[in-house]
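Read through the structure below, which is laid out as structure tokens, and then see the notes.
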Amino acid sequence: MKSNKTLLTATLLLILFFFGCTAHLFKHHPNLAEQLFEKRVSKSEKQVRKHPRDSAAKLEACKNLTMYGHVFVLRESEIMEEEDFTQSREFRLEANSLFQNAYNYGLESLDILHPSFQESFHKDSGVMLGKVTIEQVDYLYWTAAALGSMISTAKGDPYAIADLPKVGILIDRAMELNESYDKGSLHEFMISFVLSRPDSPTDAIEIAKNHFDKAVVLSGGNRASAFVTYAESICTLEQDRSEFLSMLNRALEVDVNADPDLKLSNIVSQERAAWLKERVDDLFF
């Protein structure tokens with residue numbers, strides 16, 4: 001089975017949705033952007049405490065914790081991994097805790113909408129999943145993103161890895177309901193997940209490439225993260241250095257202002273693409 005790291009990378013690049021002003025702050029004033037995110041996280045958790053039976057409030061907390069964990073905590077862990085392993089590990093553990101909380105909020109939000117959802121889900125039953133509607137794909141997506149992130153930061157914990165099929169259950173149901181969700185987010189998630197999932201088919205690479213093509217079409221080619229995800233998940237697996245660099249260059253060519261909804265995602269994705277180009281000799285042999 002392929003390492004969960006590619007799944008984590010895909011999740012990182014997929015969950016970066018925020019207002020355009022935050023994208024500007026992230027690019028030019030990262031400390032202010034982090035403070036803004038922290039306030040957003042704090043506010044959403046206060047709302048959950050104030051309204052414990054509000055499914056929308058719990059979904060918002062799930063989203064914000066997952067975003068914050070990726071953008072400001074896990075990102076630092078990865079950057080510091082080679083320079084200060086101990087500090088990098090501390091950041092990863094912090095991110096893992098955030099993702100655990102986010103996953104709990106996601107499950108609880110679905111449980112409010114569909115009583116007994118958690119019990120059914122933990123028994124690997126598809127009964128309650130079948131009741132989730134197209135209007136609730138957001139809940140499936142973010143719960144899957146939080147769970148995938150939690151598993152990926154658990155660093156080989158067998159109990160966490162055992163939950164990997166649950167990510168597939170959530171995403172597969174979301175795909176059944178609305179495969180074009182959020183301009184191809186589900187297809188981009190599947191680029192790496194199809195290579196990581198325990199039941200990965202023999203033609204997984206071709207399936208992943210098909211998901212990539214659909215993600216590009218649905219985003220109008222404006223999602224830089226799709227190219228980065230392809231580079232990190234498929235090109236490294238096939239050890240295709242030339243295509244790896246080509247995909248990263250395509251990511252860098254995306255106009256970050258073309259789609260305001262994707263601006264922050266594109267800024268972060270392009271930073272990652274540039275960073276990966278510097279590490280190409282470490283990834284190909």
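Every number in this text was worked out from the coordinates using simple rules, so none of it is lab data. Note that this is a predicted model, so its numbers are computed, not measured. Note that we place each Cβ from the backbone using ideal geometry, even for glycine, and neighbour counts take in every protein chain shown.
Translational D (Stokes-Einstein, µm²/s) of segment 145-285 at 20 °C and 1.002 mPa s when Rh comes from the Kirkwood sum over C-alpha pairs? Once the numbers are plugged in, D ends up at 137 µm²/s. Using only side-chain charges placed at the Cβ, +1 for Lys and Arg and -1 for Asp and Glu, the dipole size of the chain relative to its Cα centre rounds to 760 debye. Computed 3J(HN,Hα) for segment 73-79, one whole-Hz value per residue from the Karplus formula 6.51 cos²θ - 1.76 cosθ + 1.60 where θ = phi - 60°, is 10, 5, 4, 5, 4, 5, 4, glycine and proline marked x.
Scalar couplings 3J(HN,Hα) for segment 211-218, obtained by applying the Karplus form with A = 6.51, B = -1.76, C = 1.60 to θ = phi - 60°, are 5, 4, 4, 5, 5, 5, 5, 5 Hz; x denotes Gly and Pro. For the chain, the 222 nm mean residue ellipticity estimated from helices alone, with every DSSP H stretch of n ≥ 4 adding -39500 (n - 2.57) and the total spread over all residues, rounds to -22000 deg cm²/dmol. Residues 229, 153, ranked from the fewest to the most other C-beta atoms within 10 Å, line up as 153, 229.
Could you list log10 I(q)/I(0) for segment 5-283 at q = 0.08, 0.13, 0.16 Å⁻¹, which the Debye formula gives when each Cα is one point scatterer? Result of the Debye calculation: -0.30, -0.85, -1.35.
Assuming charge only on the beta carbon of Lys and Arg (+1) and of Asp and Glu (-1), the dipole of segment 99-232 about its Cα centre is about 140 debye to the nearest 20. Taking a point 7 Å out from the Cα of residue 284 in the direction of its Cβ, none of the residues of segment 75-93 has a backbone N less than 15 Å from it. As a proxy for reagent exposure, ranking 200, 185 by other Cβ atoms within 10 Å from fewest up yields 200, 185. If only the Cβ of Lys and Arg carry +1 and only the Cβ of Asp and Glu carry -1, the dipole of segment 108-164 around its Cα centre is close to 120 debye. Put the Cα centre of segment 200-235 next to the Cα centre of segment 132-176 and the gap is 19 Å.
On full extension, the segment bounded by residue 207 and residue 124 gains 27.4 nm, given 0.36 nm per residue less the C-alpha separation. For segment 167-184, putting each phi into the Karplus relation 6.51 cos²θ - 1.76 cosθ + 1.60 with θ = phi - 60° gives couplings of 4, x, 4, 5, 5, 4, 5, 4, 5, 4, 7, 7, 5, 8, 3, 6, 6, x Hz, in residue order, rounded to whole numbers and with x for Gly and Pro. Dipole orientation for the chain: of the candidates 195, 208, 91, 91 has the Cα lying most toward the positive pole (charges on Cβ; Lys, Arg +1; Asp, Glu -1).
Across the chain, the longest run free of exposed loop sites, meaning GluC sites (Glu not before Pro) lying outside DSSP classes H, G, I, E and B with no more than 12 other Cβ atoms within 10 Å, spans 84-285.
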